[in-house]
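*Asks:* Take this structure first; my questions come after.
The values are calculated or read from the model by the stated rules, or taken from the named source; none is laboratory data. Just so it is clear, the model here is predicted, and its values are computed rather than measured. Reconstructed Cβ throughout: ideal geometry from the backbone, glycine too, with neighbour counts over all protein chains shown. In case anyone asks, the SASA skips ligands and DNA or RNA and just uses the protein heavy atoms, side chains included. Shrake-Rupley method; radii C 1.70, N 1.55, O 1.52, S 1.80 Å.
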Amino acid sequence: MIRQLQINNFRNYRELRLSIPSESKIIVLYGQNGSGKTNILEAISLFFESNGLRKSKYDEMINNFSGNNYWNVSLETEDALFSSAYLKTETSVKKIYKINEKTVKNLNEFKKENYVLWLTYETDRLFISSPSDRRNFIDMFCNVVSSSHSKNLKDYEKLARERLKILKKYYESGFSSDILKWLDILEEKISKLGVSIALERINLTKIIEENQLTKDGFPKYTNQMQGNLEDLILQKEINEFYKNELKQRRQKDIFSGSTTFGPNRSDWIVFHEEKQIKAGYSSAGEQKILLTDIFLSFIIYNLNHDNRKLILLLDDIIAHLDLDHKNLLFKYIHSFVNNTQKDIIVFLTGVDKTLFQELENHAQFYEINNGLVYDSINNITLAK
């Protein structure tokens with residue numbers, strides 16, 4: 001599990017070396033808003049998702065006050081040293097990955113032994129935000145259960161961009177037979193990827209619904225992926241229909257500037273059974289409780305099906321939780337880290353140490369203050 005995190009020139013940190021005692025499985029980072037708590041979690045998340053929990057551009061991660069044009073994050077586990085770096089020059093940009101100081105193409109070796117899940121304060125508004133945010137949330141789970149889902153998403157987006165580029169380029173001059181053949185090939189690849197992506201998401205919604213925690217006082221819910229593709233997914237010859245639909249929509253897609261049929265148009269809908277309303281119409285507290293239920297349900301399911309080590313990032317997750325559900329959350333965290341069959345480490349953030357008093361004898365606490373990190377026991381400065 002994580003033994004040390006080192007950050008250089010990343011967000012509001014110029015330099016950070018955070019050592020984690022081997023016996024510590026719960027890490028609490030506390031401090032005022034804007035002090036840099038989430039930045040530490042984001043740095044860790046980069047080892048599982050290339051653009052991290054914020055889905056930010058690499059340029060945005062550079063510390064603007066240092067005058068440098070790079071950032072570097074290293075994560076040391078019991079088995080290896082992983083590093084991810086970004087370097088920007090006047091003529092090029094580079095993303096560099098290393099394992100034990102050896103440059104590699106990607107960090108798939110990290111993913112073979114570890115996976116990362118996160119819940120952030122931004123997801124408090126998930127049920128009333130954009131469909132793309134909800135797709136990203138479901139895709140985080142899909143990326144854990146399926147080794148191909150992340151690649152399928154990237155390939156789908158790349159092919160969709162290529163198709164739109166061709167449509168716009170040749171629309172006025174006309175499509176030659178060679179261009180039409182190339183469009184047919186692209187649309188066949190897009191349709192196959194689109195169906196695979198949709199099926200993974202549909203399967204995921206079944207998993208979380210079947211494992212929800214109603215017995216512990218969480219509200220009962222139903223959920224589904226919703227869209228034209230999902231409506232047709234069980235029909236025979238769906239790939240053929242999909243291809244024909246893309247062909248029929250070529251002109252429409254030119255003017256819209258987007259692909260108007262496919263998994264990029266789907267939405268994840270959650271329904272509060274007791275209230276008989278969509279989750280988005282529930283109170284802020286009820287939405288957070290539903291989301292916590294879904295998140296914990298997936299973790300419990302995956303712990304029974306995945307032998308990899310789990311790194312759990314919970315950013316300001318106790319905001320909007322009532323006392324009962326806060327205690328339930330802490331109960332589950334305790335059960336996770338005390339599971340002798342699984343290797344798990346949990347990071348939590350909050351504005352005040354007292355919010356985590358139930359964890360006082362079980363967690364390692366660090367105070368975050370404007371890019372400075374203090375060991376709250378020894379009052380040692382760990383970053384500058």
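*Asks:* Take S45 and decide whether it is among the hydroxyl-bearing types (S, T, Y) and closer than 27 Å to T91 by Cβ.
*Replies:* Spelling it out, it is not the case that S45 is among the hydroxyl-bearing types (S, T, Y) and closer than 27 Å to T91 by Cβ.
*Asks:* Let me ask something additional. Scan region 133-175 residue by residue and report those that are among the small types (G, A, S) and either under 14 Å from A198 (Cα atoms) or open to solvent by 60 Å² or more (accessible area, probe 1.4 Å) (or both).
*Replies:* S146, S147, S148, S150, S173
*Asks:* I need the full set of residues from region 37-78 which are over 19 Å from the mean Cα position of the chain (by Cα), surrounded by 15 or more Cβ atoms within 10 Å (Cβ to Cβ) and of a type outside the set (S, T, N, Q), in order please.
*Replies:* Within region 37-78, I62, Y70, W71, E76 qualify.
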